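Engineer: A single structure is presented below for examination.
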Amino acid sequence: MTIEHPEAILCPGGPMLLRGNHAIEDPDGLAHGTTRPVSAVCRCLKSASLPWCDGTHKVLPAELRPS
Amino acid sequence: MDLPTPRGALTETLFGALRSGDDFFAVLSSLPEATPDDAALALWTLHQLHYRDLTGVPEDLEWDPQLLRARAVLERDLEQRLRARYTPPSGVSFTDDLFDWVAEHDGASLATHVHRDATREQVLELTRVRSIYHLMESDPTVWVLPRLGVRAKAGLMELLYDEYGAGNPNRLHHHLFARGMEASGLDASYGTYIDEAPLEVLEQNNAMTLFGLHRRLRGAALGHLASFEATSSLPSRRMVQGLERLGLPQELVDYYAEHIEADAVHEQLAVHVICQALLDEDPRLEADLWFGAFTCLDLEDRFARSMLSRWEIEEAVA
């Protein structure tokens, strides 16, 4: 029996979890390679560690959090 | 590690018995009279038998029936005390509502004090007493792994693989803390600073090992994990800024910097992958997930208050 195991998970109100090795290109065209087995990509765009999540979404009002 | 300094009649008797390898009945008869500090240090030391060498103590005492009996009495008292502090939340779902619940229930914050006001001496003292957990970070959670079903087990392994450096010892979290301690002029051998640790630190460590060692409490262990991870990223950022303000070594800064991004991943994995899979296996474990999550926040709040009170600081709330 195969169990569903997505490469990307959209977390409600939070980041996108990304499994495996990837490069994220930022708006300036700079590529940021993943460094850990699972990475959290910021979706609220307020992280101080872009493109990675640093938990900042948790202090935003609900309407500013990613759906 | 060396045995700690006793904190009362129970630990006097226990440590004497551990060194001599006999007279364990005297340990059992000392249990009812123990003060909270004495009982907590006794349980912490009995738990250490499962993790590491204690100087002068035979290794086979790990599974001595009389010591296990003493451990069971102390663990039962601890669990009863933890459960007595806890009121179950109502009308909430663990996987949907944990993050908002944590935000509403987060207590006194040492990170806020370190960020703005702490002295270098206070941060080094905090580093010494936190070393009781941070030098064995995640070890109690590993006991849970074989007790889980396939999806929860794979999810917890995915998280722990990162905690343990993904195969690279230089990225292993408790080794990062050891490097930070050494760079700060502290002794990073496990247990060096146990005599400085307040009751609240012993209770935090005892609760994690209690949850880890008992299959029955696997829900509490994973609820504790989720709550622990969910209260780490933002405080770790404040720790980084506070340590940089005080000019503490980069290696200690690096430990907290690693936790900003790592725990932003781990908190999501803990809730949406691991705890969700556990609940799919057995929905009855939701109650213990909340109990573990509460216990994590409550014990951290008690620890923060004890340190702030030691330093005569008004409570700082995140």
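Engineer: Filter the range B:253-266 down to residues that are within 19 Å of the chain's Cα centre (by Cα) and either of a type in the set (Val, Ile, Thr) or more than 13 Å from chain A (Cβ to nearest Cβ) (or both), then give me how many there are.
Structural biologist: 2
Engineer: Restricting attention to the range A:14-47, and to residues there that are assigned to a loop (DSSP other than H, G, I, E, B) and within 7 Å of chain B (Cβ to nearest Cβ), which single residue is nearest to B:Gly155 (Cα to Cα)?
Structural biologist: That would be A:Pro37.
Engineer: Among the candidates B:Leu61, B:Leu54, which residue alone is closer than 22 Å to B:Pro140 by Cα and in a helix (DSSP H, G or I)?
Structural biologist: B:Leu61
Engineer: A further question on this structure: Does the range B:168-183 contain any residue that is open to solvent by 30 Å² or more (accessible area, probe 1.4 Å), within 14 Å of chain A (Cβ to nearest Cβ) and assigned to a helix (DSSP H, G or I)?
Structural biologist: The answer is yes, given that some residue of the range B:168-183 is open to solvent by 30 Å² or more (accessible area, probe 1.4 Å), within 14 Å of chain A (Cβ to nearest Cβ) and assigned to a helix (DSSP H, G or I).
Engineer: Moving on to the next point. Within the range B:134-155, count every residue that is within 12 Å of B:Met208 (Cβ to Cβ) and assigned to a loop (DSSP other than H, G, I, E, B).
Structural biologist: 5
Engineer: In addition: Working only within the range A:57-66, note down all residues that are within 14 Å of chain B (Cβ to nearest Cβ) and open to solvent by 30 Å² or more (accessible area, probe 1.4 Å).
Structural biologist: Of everything in the range A:57-66, those that are within 14 Å of chain B (Cβ to nearest Cβ) and open to solvent by 30 Å² or more (accessible area, probe 1.4 Å) turn out to be A:Lys58, A:Val59, A:Pro61, A:Ala62, A:Arg65.
Engineer: I've got another one for you. Just wondering, is there one or more residues in the range B:267-281 that are open to solvent by less than 10 Å² (accessible area, probe 1.4 Å), closer than 24 Å to B:Ala178 by Cα and within 14 Å of chain A (Cβ to nearest Cβ)?
Structural biologist: Checking the range B:267-281: at least one residue is open to solvent by less than 10 Å² (accessible area, probe 1.4 Å), closer than 24 Å to B:Ala178 by Cα and within 14 Å of chain A (Cβ to nearest Cβ).
Engineer: Count, please, the residues in the range B:141-165 that happen to be surrounded by 14 or more Cβ atoms within 10 Å (Cβ to Cβ) and more than 11 Å from B:Ile274 (Cβ to Cβ).
Structural biologist: Within the range B:141-165, residues that are surrounded by 14 or more Cβ atoms within 10 Å (Cβ to Cβ) and more than 11 Å from B:Ile274 (Cβ to Cβ) number 8.
Engineer: Turning to a different aspect of this structure: Report, ordered by the first and then the second residue, all pairs with beta carbons closer than 7 Å, sequence separation of six or more or different chains, a first member in the range B:108-133 that is in a strand (DSSP E or B), and a second member that is at pLDDT 95 or above.
Structural biologist: What qualifies is B:Ala108/B:Asp301; B:Ala108/B:Ala304; B:Ala108/B:Arg305; B:Ala108/B:Leu308.
Engineer: To continue, here is another question. Just to be sure, is B:Arg19 assigned to a helix (DSSP H, G or I) and of a type in the set (Lys, Arg)?
Structural biologist: So B:Arg19 fits the description; yes.
The values are calculated or read from the model by the stated rules, or taken from the named source; none is laboratory data. Keep in mind that this is a model prediction, so the values were computed, not measured. Here Cβ is always computed from backbone atoms with ideal geometry, including for glycine, and neighbour counts include all displayed protein chains. Calculation scope for accessible area: heavy atoms of the full protein, side chains included, ligands and nucleic acids excluded. Shrake-Rupley method; radii C 1.70, N 1.55, O 1.52, S 1.80 Å.
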